[in-house]
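What follows is a set of notes on a single structure, which appears directly below.
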Amino acid sequence: MTDATYTDTREYEAQFGDYVELLKPRVMRLVIFTAAVGLFAAPSAVHPVIAFASILCIAVGAGASGALNMWWDRDIDAIMKRTAGRPIPSGRIQPNEALAIGLTLSFLSVMMLGLFANLAAAGLLAFTIFFYAVVYSMWLKRATPQNIVIGGAAGAFPPMIGWVVATGSIGVEAVLMFLLILIWTPPHFWALALWRNEDYKAAKIPMLPVTHGTRVTRRHILAYTLVLIPIAIAPAFTQIGGSLYFGVSVVLNLIFLWGAVHLFRRNDEDTVVDDFRAEKRFFAFTILYLFLHFVTLLVVAALRAYDLHLGSFPVWF
């Protein structure tokens, strides 16, 4: 990998928004939200100041991971249409800047989380950053079509980190939230890969549609959906779930299953006719699916807290 391509290509000095983009704010929002749900759903109360500071540290750690990922992937980002406008391939931020920002934020986020919360949470955050930047970005992404299957763990750790901030240990509920995101990730990204296949081919990234074709990819989406359904519903039978979560999850998973079956029945001729409309729709729904699961967990946690302090709501959620 060489930095020659990125030397003297900057058209103007980087603006604040360019540095924000370097931290992958869309990914950061998901990290903040799921980490907050893990923290507030935990059975141990956390002081609001500590909770806010901890979530901020987790967000900074996520941003650090994003910066390191963009630094490493700058060569393939320049090739893919979806990523060519990012700060480094477009020349707005130099690679060395991105690396320095990523390393500095990684150190600060882990150190401060250890001070604000506990060493277990800080250690888990450090491992998450390492896993995303090194294990996924530097190794798995370019080495195997199973990249997103294993690499999805990086995005699944935040609710577990939030739980550990509150409790100091990992419980079965934290594991289930982790598994929900982990198993959700492959069908989510494979749906994207189906209609971004040419981009991945050009960048020589071994995504499943590139290495095994669209038919196998559709089969894998359906298979992972079938595995996902019981995992997604399982929190209903723990202290963070209940009947409200169960009802919401069943509805969401039936829709998810219908979408996966629909994709399985499609072929390449169908995608030419409607320009991957079904794949794009399924991809959009997967985002809503995950969001609503965690929103429901947050609502249940709020209702339980309300009942605990004011005694109004029955604890059947």
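The values are calculated or read from the model by the stated rules, or taken from the named source; none is laboratory data. From a predicted model like this one, the values you see are computed outputs, not experimental measurements. All Cβ positions, even for glycine, are placed from backbone atoms using ideal geometry, and neighbour counts span all protein chains on display.
With respect to ALA154, determine if the residue is crowded, with 20+ Cβ neighbours inside 10 Å, touching a helix residue (DSSP H, G or I) at 6+ places or on another chain (Cβ under 8 Å) and assigned by TED's automatic domain parsing to the domain that holds PHE40.
Values: crowded, with 20+ Cβ neighbours inside 10 Å: yes; touching a helix residue (DSSP H, G or I) at 6+ places or on another chain (Cβ under 8 Å): yes; assigned by TED's automatic domain parsing to the domain that holds PHE40: yes.
Here the answer is yes, as ALA154 does meet what is asked.
Among the residues of the range 213-250, write down those that are part of a loop (DSSP other than H, G, I, E, B) and either buried (at least 19 other Cβ atoms within 10 Å of the Cβ) or assigned by TED's automatic domain parsing to the domain that holds TYR136 (or both).
Answer for the range 213-250, where residues must be part of a loop (DSSP other than H, G, I, E, B) and either buried (at least 19 other Cβ atoms within 10 Å of the Cβ) or assigned by TED's automatic domain parsing to the domain that holds TYR136 (or both): ILE240, GLY241, GLY242.
I'm checking my understanding of the structure. Among residues of the range 196-212 that are part of a helix (DSSP H, G or I) and at pLDDT below 90, which one is nearest to GLY259 (Cα to Cα)?
Per the stated criteria, the residue is ASN197.
Working only within the range 234-279, note down all residues that are over 20 Å from VAL216 (Cβ atoms) and charged (D, E, K, R).
ASP274, ASP275, ARG277
Testing VAL149 on (1) free of Cβ contacts under 8 Å to residues at least 40 places away in the same chain; (2) under 20 Å from PRO25 (Cβ atoms); (3) buried (at least 17 other Cβ atoms within 10 Å of the Cβ); (4) not charged (D, E, K, R), one condition comes back false. Which one is that?
The one condition VAL149 does not meet is (2).
Inside the range 87-118, can you point out the residues that are of a type outside the set (A, V, I, L, M, F, W, C) and either surrounded by fewer than 21 Cβ atoms within 10 Å (Cβ to Cβ) or at positive phi (or both)?
SER90, GLY91, GLN94, PRO95, ASN96, GLU97, THR104, GLY114, ASN118
Answer with yes or no whether TRP190 is farther than 20 Å from ALA64 by Cβ and modelled with pLDDT of 90 or more.
So TRP190 passes the test.
Got a sec? Which of LEU124, LEU56 is within 16 Å of LYS24 (Cα to Cα) and assigned to a helix (DSSP H, G or I)?
LEU56
Take the range 157-172 and flag every residue that is surrounded by fewer than 18 Cβ atoms within 10 Å (Cβ to Cβ) and either in a helix (DSSP H, G or I) or hydrophobic (A, V, I, L, M, F, W, C) (or both).
ILE170, VAL172
Looking at this structure, is PHE130 in the same structural domain as ALA36 (by TED's automatic domain parsing), in a helix (DSSP H, G or I) and under 29 Å from TYR200 (Cβ atoms)?
yes
Which one of the conditions (1) free of Cβ contacts under 8 Å to residues at least 24 places away in the same chain; (2) part of a helix (DSSP H, G or I) does GLY85 fail to meet, given that it meets all the rest?
The number of the failed condition is (2).
Looking at the structure I just gave you, is ARG142 assigned by TED's automatic domain parsing to the domain that holds GLY61, over 29 Å from SER169 (Cα atoms) and surrounded by fewer than 20 Cβ atoms within 10 Å (Cβ to Cβ)?
Answer is yes for this residue.
So is VAL175 surrounded by fewer than 22 Cβ atoms within 10 Å (Cβ to Cβ), within 16 Å of the chain's Cα centre (by Cα) and not assigned by TED's automatic domain parsing to the domain that holds ALA42 or not? Spell out the reasoning first.
On the way: surrounded by fewer than 22 Cβ atoms within 10 Å (Cβ to Cβ): yes; within 16 Å of the chain's Cα centre (by Cα): yes; not assigned by TED's automatic domain parsing to the domain that holds ALA42: yes.
Here the answer is yes, as VAL175 does meet what is asked.
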